[in-house]
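Values in this text are rule-based calculations from the coordinates and carry no lab data. Every value quoted in this text rests on a predicted model; they were computed, and no experiment measured them. When we count neighbours, we look across all protein chains shown, and the Cβ atoms used for this are built from the backbone with ideal geometry, even at glycine.
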Amino acid sequence: MRADVRRVKGVVGNMDEQRGTWGNTGMSSGTEMSAGAGAQPGTGMNGGMGTLHGEGKQNGGGFGRGLCLGIAGTLLVGALGTFIVCRMTGSQIIIAGGGAGRAGSVDSVLDAEAVAKVNELAAYIDLYYYDDTDEEDLKNGLYAGLLEGLSDKYSVYYTADEYADTQVSMTGQYYGIGAGLAQDKETMVVTVSKVYEGTPSEAAGLRAEDVILSVDDTEATSMELTELVKLIRGDAGTTVHLEIYRPSTGEDLSFDVERADVTLPSVASEMLTDQIGYIRIESFEKETATQFETALADLKGQGMTALVVDLRYNGGGLVDAVVQILDDILPEGLIVYTEDKNGSRQEYKSSGDTHFDYPMAVLVNQDSASASEIFAGAIKDYHYGTLIGTTTYGKGIVQSVFPLSDGDAVKLTTAKYFTPNGNYIHGVGIEPDIELEYEYLDPDGEEYEMQYDNQIQKAIEVLGE
């Protein structure tokens, strides 16, 4: 593959959004995932492209009161004999299905006519569909279809398994071996794309480019990567047996890898020329702020005089993660605020306890979205750095994930967000201070090197002025 700025960090449970599989920005020949299993599901406000949870700061009480008042008009079920229970825990609304009665007088989405039509459709499927059907799949299709009726690509229904997978992609935490895997979509061959430092896969001796032949006697080419990853997942302390072919030596090797609780890095850093620090944030996950602070302290210890923050192809992530990082950088003041349909406003602020005294450049592109745009928007509004690259994606809305009583979940768009100066960037994006399309300056290069990345080189030039 030709050297490119795009870096792949595959995660279990990537979701197809409007612009492709979230977090999979560079794999054109197949798919990539990390061999791990998920952390425990959670809830909260979202600020990124996928299942993105804020932890701690909740929407204001006005939203909760308004939703409770509107429950009777939006969620009543008559013909199915279901009632809705609504209770508030802080500002969180808990809705639970029950067994009988009608909670109000407003027509329900699932009125008698709708139920009759669903039964009619089910009868046609039963009589005429050419193949066997799964009742659970049909029910899940109904639930997903209800959300599709919103015509909002970010509002979706999750089965319990899908919900657990989305938690993995946002926390960066896995119960597995800590190896990135890629599968060729035509040959189904599975290779190790990355071995993460300090993980069981590294300790066992796995290497990038190793070809996985089998997992516990199951041939790797016999199934999709998503299914194969489930075989590699497991409880911490258990082992998974891998048969490997190593192309570099021509060897067939066997590994018994002990599964562990693994947190994959979402931050990478290094020192560039002229003591200019470089930090790339792949996504804003649970541990990203801590990783950023560690990287920043290390660069300062090396004598950093300026900083490049790379948010290219960063599709977003946790609101709290980006807010915590901006709290480290910005002076006291507003970072971002949200407004729901009832006008309830939730503000996220910097305490001013710490702030950044170095010149800074921020790299963005068309795939810098949501939480990345919160970062870029705040830096731009405070005139705290120079944005370089191309106009960002333009996602100015936030989602909240609500777990259902049976373990499934629903993700709903619940609010708009605004930059500190009140700019609503949805569908518009954020224009950089310096517009510069990406160009790799070494056309014969097989491996990516920063010295040939024109946007990084422009950042070095700007910071050196």
Query raised in the report: So how do 113-125, 412-424, 212-224 stack up, highest first, on mean other-Cβ count within 10 Å?
Result: 412-424, 212-224, 113-125
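Taking neighbour Cβ counts within 10 Å as the exposure measure, how do F255, F292, F375, F284 sort from fewest upward? Write down the numbers at each step before the final one.
Values: F255 18, F292 23, F375 30, F284 33.
Least crowded to most crowded, the residues run F255, F292, F375, F284.
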Query - Mean separation of Cα contacts under 8 Å, 6 or more apart, over the residue count of the stretch 184-332: relative contact order % - result: 16 percent
Report summary line: In this structure, the FRET efficiency calculated for Y128 and Y440 from their beta-carbon separation, with R0 = 51 Å, to the nearest 0.05, is 0.40
**Report entry** Mean projection area, nm², convex hull over Cα of the stretch 367-465
**Finding:** 9.3 nm²
Report task. Assign unit charges at the C-beta atoms only (+1 for Lys and Arg, -1 for Asp and Glu), then state the dipole size of the stretch 303-461 relative to its Cα centre in Debye, rounded to the nearest 20. Result -> 880 debye
Query raised in the report: Per residue, what volume in Å³ does the Cα convex hull of the stretch 125-203 take up?
Result: 176 Å³
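Using Cα-Cα distances under 8 Å and only pairs 6 or more residues apart, what relative contact order does the stretch 241-325 have, in percent? The partial results should precede the final answer.
Details: 120 pairs, mean separation 22.5, N = 85.
Here the relative contact order equals 26 percent.
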**Report entry** Antiparallel bridge percentage (DSSP; both residues within the stretch 300-449; nearest 5)
**Finding:** 60 percent
Requested in this report: Mind scanning K139/K395; K153/K230; K341/K416; K117/K411 and naming the pairs with a C-alpha gap bigger than 19 Å?
Outcome: K139/K395; K153/K230; K117/K411
Report summary line: In the stretch 228-372 the DSSP beta bridges are antiparallel at a rate, in percent to nearest 5, of 65 percent
Query raised in the report: Once the Cβ-Cβ distance between L412 and D184 is put in as r, and R0 is 35 Å, what FRET efficiency do you end up with, to the nearest 0.05?
Result: 0.45
Report summary line: Residues whose built amide H sits under 5 Å from the amide H of S155, excluding neighbours closer than 5 in sequence, are T413
